[in-house]
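Here's the structure we're looking at; comments come further down.
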Amino acid sequence: MPSQKPTYKSPLEGYENAPPLPTEKAEDGKSLLNNQTGVLSSAYEKFPEPLDNGRRGAFDVHIYHLPNHPAQARYASELHSRIRHEFPELRIYTFWSKPVGPHPIGMFEVNIFTPAQLGAFVGWLAVWRGPLSVLIHPNTTEKTLSEGGEISEAEKEARNHTDKAIWMGKKVLLNTDMFWEVMDR
């Protein structure tokens with residue numbers, strides 16, 4: 001599987017001429033004071049590029065269960081139903097009791113379309129995921145690396161599911177080889 005070392009733009013890009021940050025502590029004595037501008041980050045309203053703000057959604061949330069563990073499978077099924085009741089605006093997929101795609105155990109998927117949905121749903125999952133592991137991965141739209149080299153669809157998907165992923169609970173080892181087997185034929 002071809003893989004190029006990723007490069008990263010400076011997170012301070014666009015802030016080169018910003019005023020110096022204060023070093024004073026806030027009232028709590030621990031956190032730092034920040035320069036208040038009265039303007040919220042645009043990331044509250046729209047995901048930054050290269051996250052997919054379109055039909056696919058910026059994030060997929062995969063909620064895993066062990067099908068051969070009856071109590072866990074039952075909890076996952078109940079959670080799937082609860083999510084469908086409580087978050088009908090989200091795209092919620094089939095409840096799988098077997099491996100599907102790169103996912104080696106049973107799972108179901110939820111798509112997130114807005115920053116508000118991400119904040120609400122992930123906070124809710126922190127309370128309700130119970131014994132289940134959760135993968136939260138971005139869907140990105142970039143087609144080339146900053147060095148000008150091409151990145152394959154398989155490489156992009158593998159990075160989104162691994163390097164750029166966020167986990168809640170125990171990490172589940174994914175079969176990322178299948179991205180090359182299926183996408184780069």
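The values are calculated or read from the model by the stated rules, or taken from the named source; none is laboratory data. Quantities reported herein were computed from a predicted structural model and do not represent experimental measurements. Ideal geometry is used to build each Cβ from the backbone, glycine not excepted, and the neighbour counts take in all protein chains shown. Side chains are part of the model used for accessible areas, which takes the heavy atoms of the whole protein and leaves out ligands, DNA and RNA. Shrake-Rupley method; radii C 1.70, N 1.55, O 1.52, S 1.80 Å.
Going by what's in this entry, would SER77 be described as closer than 30 Å to GLU45 by Cα and polar (S, T, N, Q)? Spell out how you get there, then give the answer.
Numbers: closer than 30 Å to GLU45 by Cα: no; polar (S, T, N, Q): yes.
No.
Going by the conditions given, is PHE47 under 19 Å from LYS164 (Cβ atoms), open to solvent by less than 20 Å² (accessible area, probe 1.4 Å) and under 19 Å from the mean Cα position of the chain (by Cα)? Talk me through it step by step, then tell me what you get.
Details: under 19 Å from LYS164 (Cβ atoms): yes; open to solvent by less than 20 Å² (accessible area, probe 1.4 Å): yes; under 19 Å from the mean Cα position of the chain (by Cα): yes.
Judged against the criteria, PHE47 is a match.
Filter the stretch 91-138 down to residues that are within 21 Å of PRO70 (Cα to Cα) and basic (Lys, Arg) and give me whichever is modelled with the highest pLDDT.
So the residue we want is ARG129.
Among the numbered criteria (1) in contact with a Ser or Thr (Cβ under 9 Å, 6 or more places away or on another chain); (2) at positive phi, which single criterion is violated by GLY54?
All conditions pass for GLY54, except number (2).
I need the full set of residues from the stretch 11-44 which are within 21 Å of the chain's Cα centre (by Cα) and either in a loop (DSSP other than H, G, I, E, B) or of a type in the set (A, V, I, L, M, F, W, C) (or both), in order please.
The initial filter retains those residues of the stretch 11-44 that are within 21 Å of the chain's Cα centre (by Cα), namely 11, 41-44.
Answer for the stretch 11-44, where residues must be within 21 Å of the chain's Cα centre (by Cα) and either in a loop (DSSP other than H, G, I, E, B) or of a type in the set (A, V, I, L, M, F, W, C) (or both): PRO11, SER41, ALA43.
Only residues that are of a type outside the set (Lys, Arg) and exposed (fewer than 14 other Cβ atoms within 10 Å of the Cβ): list them for the stretch 70-98, please. Give the derivation first.
Residues of the stretch 70-98 of a type outside the set (Lys, Arg): 70-73, 75-81, 83, 85-90, 92-97.
Correct list: PRO70, ALA71, GLU78, SER81, HIS85, GLU86, PRO88, GLU89, THR94.
Does PRO67 count as surrounded by 14 or more Cβ atoms within 10 Å (Cβ to Cβ), at pLDDT below 95 and under 25 Å from THR162 (Cβ atoms)?
Details: surrounded by 14 or more Cβ atoms within 10 Å (Cβ to Cβ): yes; at pLDDT below 95: yes; under 25 Å from THR162 (Cβ atoms): yes.
Yes.
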